[in-house]
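Here the structure comes first, spelled out in structure tokens, and everything after it is commentary.
A short reminder: the numbers here are calculations on the coordinates, not readings from a lab. What you see is a predicted model, and the numbers here were worked out from it, not measured in a lab. Here Cβ is always computed from backbone atoms with ideal geometry, including for glycine, and neighbour counts include all displayed protein chains.
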Amino acid sequence: MAAAAFLCARAAAAALRPPSRGLPRRLLASRVAAASASGEGGGGVEFQGTVGFLGLGIMGAPMASNLIKAGCDVTVWNRTKSKCDPLLSLGAKYEPSPAQVALSCDVTFAMLADPESAAEVACGAGGAAEGLAPGKGYVDVSTVDGATSKLIAEHITSTGASFLEAPVSGSKKPAEDGLLIFLTAGDESLYKRVAPLLDVMGKSRFYLGDVGNGAAMKLVVNMVMGSMMVSFSEGLLLSEKVGLDPNTLVEVISQGAISAPMFSLKGPSMVKAAYPTAFPLQHQQKDLRLALALAESVSQSIPTVAAANELYKTAKSLGLADHDFSAVIEALKAKVQSSQQQ
Ligand SMILES: NC(=O)C1=CN([C@@H]2O[C@H](COP(=O)(O)OP(=O)(O)OC[C@H]3O[C@@H](n4cnc5c(N)ncnc54)[C@H](OP(=O)(O)O)[C@@H]3O)[C@@H](O)[C@H]2O)C=CC1
Ligand SMILES: O=CC(=O)O
């Protein structure tokens, strides 16, 4: 509990910290704005208690690590147990199932690969729901579709516990740096209760209302990102084909109105055909698949996303599922090659 109180002090201080001493002004503004919008007054909310973390992949491990470094009392679980070791070295505790983590913690976070694993870990045999009870909270930060999130919410709330969906925008590095953007929806009092924890892991947070809205926002953001990456890949390949230096294209783009950190970060390695994994390609394709279903549910056509999805599927079939999603450029290269052979 002492550790939790320490965390509260840190979180409140983070929300109020003058820009010159810490957060850039724009981050401070978004933090305070998000807090004000939810009626918290921008001063941070005290978190009291212990924290569980399920799923220690590319994102979950640094998020849990930041909570531990901030002084939280954290208990972890991961399907592949060895991934818990670095967190245990930092001071985390371990429980052998999601149910036991949820039983021993006040609030449990889950960062799983996809809808199937998120549902399994929350609702399956030995899942978190088995350890939940009134007064406890479950926060799912995985990227899933609204239907899965609602199913998990029903299961969790049937135990008397509270549920918040809170998918994140931002990749491996923002997760390491505590600069994620949380897109939350569901139980508002749980949102306020865990706000200090979100502020340790992220730079801003949005509360979007009913369960499903956070998932929908995340899918819309990621469908734009997935299409942007395909368009960028096409540009890199075309520039090379017409005799330009693709590195110069990256620099030109970085100085204009379509500049995006993603292009500057990934462009140089894409030119070298290197794709160190920050956001696995198979997760980007999953998000496009889920975004297409979301669009279909409201009869909206998203043809650019549909075309991009086909390229990610091709990239998966080329064995690139675990590479960074920027490896989608390899699917385009394969297309060019096969059209040249015809
Ligand atoms: N990487 C990124 O840049 C971002 C990812 N996301 C989203 O966050 C989520 C996690 O992504 P990320 O950390 O990159 O993915 P990883 O593939 O690195 O990690 C996936 C996690 O899910 C676990 N898992 C998978 N299947 C099961 C299962 N059937 N039962 C139990 N656990 C399972 C894995 O366990 P094990 O270790 O045993 O395989 C691992 O802990 C995804 O929904 C992704 O779309 C959101 C924003 C950014
Ligand atoms: O979901 C991926 C991200 O970078 O955000």
Task: Interchain or long-range residues, amide H under 5 Å from Phe53's placed H - done: Thr75, Val76, Trp77, Phe109
Open item on the list: Can you give me the angle between helix 188-201 and the longest principal axis of the chain, using Cα atoms only, in degrees from 0 to 90, rounded to the nearest 10?
Closed with: 60 degrees
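Per-residue ellipticity at 222 nm for the chain, helices alone: DSSP H runs ≥ 4 residues times -39500 (n - 2.57), over residue total, nearest 500 deg cm²/dmol?
-17000 deg cm²/dmol
Starting from the Cα-Cα distance between Val224 and Lys313, subtract it from 0.36 nm times their residue separation and give me the gain in nm to one decimal.
Working it through step by step, the gained length comes to 30.4 nm.
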Open item on the list: What distance in nm lies between label points placed 7 Å from Cα along the C-beta direction at Gln300 and Leu265?
Closed with: 2.5 nm
- [ ] For Arg79 paired with Lys333, estimate the spin-label separation in nm (one decimal), with each label point 7 Å from Cα along the Cα-to-Cβ line.
- [x] 3.0 nm
Task: Amide H contacts of Gly202 (H built 1.01 Å from N, under 5 Å, at least 5 apart or other chain) - done: Leu180
Task: Antiparallel content of DSSP bridges confined to the chain, in %, to 5 - done: 20 percent
Open item on the list: With angles folded into 0 to 90 degrees, how steeply does helix 261-271 sit against the dominant principal axis of the chain? Use alpha carbons for both and round to 10.
Closed with: 50 degrees
Task: Dipole of the stretch 216-341, positive end: most advanced residue of Leu249, Ala307, Phe263 [Cβ charges, Cα centre] - done: Ala307
TODO: Would you mind getting me the FRET efficiency between Ala274 and Val242? Use the beta-carbon distance for r and R0 = 22 Å, nearest 0.05.
DONE: 0.45
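Of the chain, which part is the longest with no trypsin sites (Lys or Arg not before Pro) in a loop (DSSP not H, G, I, E, B) and with at most 11 other C-beta atoms within 10 angstrom? It would help to have the intermediate numbers written out before the result.
Numbers: sites that count: Arg21, Lys272.
Counting only loop sites that pass the neighbour cut-off, the longest clear stretch is 22-271.
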Task: Out-of-range pairs (alpha-carbon distance over 22 Å; input Lys69/Lys173; Lys266/Lys316; Lys313/Lys335; Lys173/Lys266; Lys81/Lys316; Lys83/Lys266) - done: Lys81/Lys316; Lys83/Lys266
Task: Acute angle (nearest 10 degrees) that the helix 146-157 long axis makes with the longest principal axis of the chain, alpha-carbon atoms - done: 10 degrees
